[in-house]
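Right, one structure below, let's go through it.
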Amino acid sequence: MTTPAISTRAPAATRPSRALRGFAWGVLAYNVAVIVWGSAVRATGSGGGCGEHWPLCDGTLIVHHPAIATMIELSHRVTSGIDLVCVLALFFWTFWAVPRKHLARAFAIAVLVLTLNEALIGALLVELGLVANNASPERAAYLGLHLTNTLLLLGALALTAHFLSRRAGSMHGSVGMYAPGLAITGLVATLIVGVTGSLAALSDTLYPAHNLFRAIAQDFSSGSSWLLRIRWLHPAFALIAGVFIVWLAARSLRRPRDRALGSGLVALLLIQYWLGVADLALLTPLWLQMMHLLMADLVWIALVVLCARSCLEAKAAVGERKSSLSG
């Protein structure tokens, strides 16, 4: 007499609705759009378009005859406000729709906290005058913190949507960790790529180049701004993180369910490298900066989801993988 296998899938009645899953992925996509538009605010020097006022613009609710910079900054604030409403809706809907120990709840809390952090950091940048042509180390520090929070926010949103969409291993206590050390190391390295990229973008905005070879020479000149002299860190860390991403994607090819995501991640990475080279060769035009940031966000989201699929699995699956390796 054979013992029937125990299914690790959640019953259909307790699984989140398709509407909630779609909304979670939609909020993630909207956040990416808001972030990419935020790069236009920085690249055009429009961060001070509303003066040192937040959340009001120039101290008023309605701005009459606004300048272009004011319109760009104000539109970013409006889209960010809409984003906060979407995040709150996702938070309450998730808590209403899933059981208490569902992992999506934990990540929904992280999304809300990180969204509030995002607003606080943005407000401080404005209130402290760390916008427009400000080249102080304080601005660089706040931008690095801002970018780190932004990527963590996207990661939390991606994991919220991912665990809402999972068919197995979505409850606290039912998930085991498999080889998390390398995944965490790679994610931290990719975070550093993002931070150095934000500083490189700031240097491109503050010290625009009109000649490629002169721009490269500035990176190694003792008379250049410190922002220019550290610009090389971004491509260096991008190559280091790229090795990890390719390694992780290669591992995913062993699992049929992850092959498409792993292959897509490598394709996104190659496009990102191509955009980086084009961005340098064309002297960082605005549209290309925005495309570069968009692709960076997509690479990060795909990487976070692939790490979750590879390292956070139903305990039964983790046990099978460890026993197969030991055997």
**Q.** P(r), alpha carbons of the range 16-171 - 10 Å bins starting at zero, rounded %
**A.** 11, 38, 28, 17, 6, 0
Q. What does the charge add up to near Leu154, with Lys and Arg as +1, Asp and Glu as -1, over the other residues with Cβ less than 14 Å from its Cβ?
A. -3
**Q.** In order through the range 259-272: 3J(HN,Hα) via Karplus (6.51 cos²θ - 1.76 cosθ + 1.60), integer Hz, x for Gly, Pro
**A.** 4, 5, 5, x, 5, x, 5, 5, 4, 4, 5, 5, 4, 4
Q) Once label points are set 7 Å from the Cα along Cα→Cβ at both Ala278 and Leu145, what is their separation, rounded to one decimal in nm? A) 3.5 nm
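Cut-off is 10 Å between beta-carbons; in what order do Ile35, Ile216 appear when sorted fewest neighbours first? All intermediate terms of the calculation are to be shown ahead of the outcome.
Details: Ile35 22, Ile216 14.
Fewest-to-most Cβ neighbours within 10 Å comes out as Ile216, Ile35.
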Q.
For the range 174-327, take every pair of Cα atoms, bin their distances at 10 Å starting from 0, and report each bin as a whole percent.
A. 10, 35, 27, 16, 8, 3, 0
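Want the number for Glu138 to Leu120: 0.36 nm per residue separation, take away the alpha-carbon distance, what's left?
On the way: separation 18, 0.36 × 18 = 6.48 nm, distance 1.55 nm.
Gain on extension, Glu138 to Leu120, equals 4.9 nm.
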Q) Where does helix 137-165 land angle-wise versus the long Cα axis of the chain, in degrees 0 to 90, nearest 10? A) 30 degrees
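Pairs of alpha-carbon atoms within less than 8 angstrom and 6+ residues apart define the contacts here; what relative contact order does the range 16-171 have, in percent?
On the way: 160 pairs, mean separation 53.0, N = 156.
Once normalised by length, the contact order is 34 percent.
Take Val305, Val34 and order them by how many other Cβ atoms sit within 10 Å, fewest up front. Provide the component values of the computation, followed by the final result.
Values: Val305 19, Val34 16.
Ranking Val305, Val34 by Cβ neighbours within 10 Å, fewest first, gives Val34, Val305.
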Q: State, as an integer percentage, the relative contact order of the chain based on alpha-carbon contacts under 8 Å between residues 6 or more apart.
A: 22 percent
Q) How about the chain: what cysteines have no other cysteine beta carbon under 4.7 Å from their own? A) Cys86, Cys307, Cys311
Q) Roughly speaking, what is the stretch gain from His53 to Ile216, that is 0.36 nm per residue apart minus the C-alpha to C-alpha distance, in nm to one decimal? A) 55.0 nm
Q. When the helices in the chain are scored as -39500 (n - 2.57) per DSSP H run of 4 or longer and the sum is shared across all residues, what 222 nm value do you end up with, to the nearest 500 deg cm²/dmol?
A. -24500 deg cm²/dmol
Q. Can you sort Val36, Val111, Val299, Val78 so the residue with the fewest Cβ neighbours within 10 Å comes first?
A. Val78, Val36, Val299, Val111
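So if R0 is 35 Å, what FRET efficiency would Tyr207 and Ser263 give, r being the distance between their Cβ atoms, rounded to the nearest 0.05? Display every interim value, and only then the final one.
Values: r = 38 Å, r/R0 = 1.10.
Rounded to the nearest 0.05, the efficiency is 0.35.
Name the shape class, rounded, prolate or oblate, that the alpha-carbon gyration tensor gives for the chain, where a ≥ b ≥ c are the square roots of its eigenvalues, rounded holds for a/c under 1.5, and otherwise prolate holds if a/b is larger than b/c and oblate otherwise.
Here the chain falls in the oblate category.
Read-outs: derived from the displayed coordinates by stated rules, not from any lab. Nothing here was measured: the structure is a model prediction, and the numbers come from that model. For neighbour counting, all protein chains shown are included, and Cβ atoms are generated from backbone atoms with ideal geometry for every residue, glycine included.
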